[in-house]
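Reading through the structure tokens given below for one structure.
The values are calculated or read from the model by the stated rules, or taken from the named source; none is laboratory data. It should be emphasised that the depicted structure is a prediction, and the values quoted were computed from it without experimental measurement. Virtual Cβ from ideal backbone geometry, glycine too; neighbours counted across all protein chains shown. We work out accessible area using only protein heavy atoms, side chains counted, and drop any ligands, DNA or RNA first. Shrake-Rupley method; radii C 1.70, N 1.55, O 1.52, S 1.80 Å.
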Amino acid sequence: MSSHVLYVAPYFSANILHCLDALCSLPDLRLGVITQEPKDRLPERHRGRIAGHYQIGDCLDAAQLTSATRAFQNQWGRVDRLLGFLEQMQLPLAIARDRTGVDGLGETAARNFREKNRMKDVLRAAGLPVAPQALLGSADDARRFIAEVGYPVVLKPPAGLGSQGTMRVTDDDELAAALAALVVTPSHPAQAEAFVRGEEHTFETVTIGGRAVWHSSSYYLPGPLQVLENPWMQYCVLLPREQLQPHAEKFRGTNIAALDALGIETGLSHMEWFLRADGTPIISEVGARPPGVHLMPMMGLAHEVDMWAKWVELMVFDRFEVPERRWACGTAFFRGQGPGNEVRAVEGVAAAQERVGKYVVEAKLPRVGQSRGPGYEGEGYAIVRAPTTAEAVEALRGLVTMVRVSFG
């Protein structure tokens, strides 16, 4: 019997279309698309494979997703999966699943992952290591929290995306500025956490039917918050050749316990965590969706598979198999330096190509005239692949020390 799957694609961006390609390649699949795009914007290669198109005005609106899903249920008789990988869609997708009876992550678990204050409460109640935190609705709330934990603290939106909107606060003046920037009110609170010092890592896990079946861990070099605070810093993500190095293997049980507490059943999750100088871990955040910062293509390159296709197969058929990891990978992000909002010069590319070009498998170089990027990933990137972790590190070091992007 074929599976009836709905894929939510707000816009037809590269990653969204990559997943759509993977869905279209699966056998025994009846595929519908829910999108904000009109039908004539659907790429030609997909039109003969897609059995239904439903346009809505807002793919983050649970009510509209519910109506679209019910329309397909009325037409097809049933819907087996309702899928989408964007972080912002996880809660509305979960609400729509609950309202229509479609299997998958439901609202309770989705809120555990998406609402950061709730997430930390759940993890703390399970006896897992998290930093002290509070939800701030006023300056009085903030002052009480500071009196409890002291400076520095980190403030962020309670349902943020990556490090966007995240600020480290070290004194009363910075606190006042952060509360104003985040427009903190009782109806628009901010998440506050004690600042954690340590190496920052990720931990990716595939879970099927509530059982963790596959893991991976990477390094942030340096951490995203430190990069945001220091525009001169260059930024890399390293995926070691060793799928779980000793520090990550030691953390694996904590990761599994956290996912159990939060309630994921089947999916690929992305955890960010700190390893402190004394060897103890702290869980930062967990997302019930595939990771960003180019980890999906890096994991694919390391295992010689299409990781997006593997995610699609996991979500549709509850199965996941990849070959043994053979490579280390990394991404170097090219961050512009100096004042201004436009790239004026890109230097050192030829020298970097001569030194480490044999390791580069994908690159998007900054262009003169390009606007300043909005976040810590900068204005361009290069992905490297090497047979050893040490070689990948040297390739990343060569890229971020030799390539220079200047604003003007």
Flag for MET296 being under 30 Å from PRO27 (Cα atoms), open to solvent by less than 20 Å² (accessible area, probe 1.4 Å) and assigned to a helix (DSSP H, G or I): yes
What pairs come up if the first residue lies in the stretch 46-68 and is buried (at least 17 other Cβ atoms within 10 Å of the Cβ) and outside any loop (DSSP other than H, G, I, E, B), the second is of a type in the set (Asp, Glu) and at pLDDT 95 or above, and their beta carbons are under 7 Å apart, counting only those six or more places apart or on different chains? GLN64/ASP58
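Condition check: exposed (fewer than 14 other Cβ atoms within 10 Å of the Cβ), modelled with pLDDT under 95 and farther than 19 Å from VAL237 by Cα. Does GLY340 satisfy that? Give the steps one after another, and end with the answer.
Values: exposed (fewer than 14 other Cβ atoms within 10 Å of the Cβ): yes; modelled with pLDDT under 95: yes; farther than 19 Å from VAL237 by Cα: yes.
It is true that GLY340 is exposed (fewer than 14 other Cβ atoms within 10 Å of the Cβ), modelled with pLDDT under 95 and farther than 19 Å from VAL237 by Cα.
Strands (runs of 3 or more DSSP E) wholly in the stretch 144-262 with at least 2 residues that are at pLDDT below 95 and under 30 Å from VAL403 (Cα atoms) - which ones?
Values: elements: 153-156, 167-169, 190-194, 199-208, 211-221, 235-239.
Hits in the stretch 144-262: 167-169, 199-208, 211-221, 235-239.
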List the pairs whose first member sits in the stretch 25-37 and is among the basic types (Lys, Arg), whose second member is in a loop (DSSP other than H, G, I, E, B) and modelled with pLDDT of 95 or more, and whose Cβ atoms are under 8 Å apart, counting only residues at least 6 apart or on separate chains? ARG30/ALA51
Here is a check on your reading of the model: is PHE113 closer than 24 Å to VAL286 by Cα and either part of a helix (DSSP H, G or I) or free of Cβ contacts under 8 Å to residues at least 40 places away in the same chain (or both)? yes
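Out of ARG78, ARG97, which single residue is among the basic types (Lys, Arg), more than 30 Å from ARG276 (Cα to Cα), touching a residue at least 12 places away in the same chain (Cβ under 8 Å) and open to solvent by less than 40 Å² (accessible area, probe 1.4 Å)?
Residue meeting the stated conditions: ARG97.
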Does the stretch 379-402 include one or more residues that are at pLDDT 95 or above, within 16 Å of VAL293 (Cα to Cα) and in contact with a His (Cβ under 7 Å, 6 or more places away or on another chain)? yes
Members of the stretch 370-398 that are open to solvent by less than 20 Å² (accessible area, probe 1.4 Å), under 19 Å from GLY338 (Cβ atoms) and either touching a Cys at 6+ places or on another chain (Cβ under 8 Å) or in a strand (DSSP E or B) (or both): GLY380
Only one of (1) within 19 Å of the chain's Cα centre (by Cα); (2) more than 23 Å from LEU268 (Cα to Cα); (3) among the hydroxyl-bearing types (Ser, Thr, Tyr) fails for TYR54. Which number is that? (1)
Say whether the condition of being closer than 20 Å to PHE317 by Cβ and open to solvent by 50 Å² or more (accessible area, probe 1.4 Å) is met by at least one residue in the stretch 1-14. yes
For the stretch 146-165, check the following and say yes or no: at least one residue is in contact with a Leu (Cβ under 6 Å, 6 or more places away or on another chain), crowded, with 19+ Cβ neighbours inside 10 Å and among the basic types (Lys, Arg). no
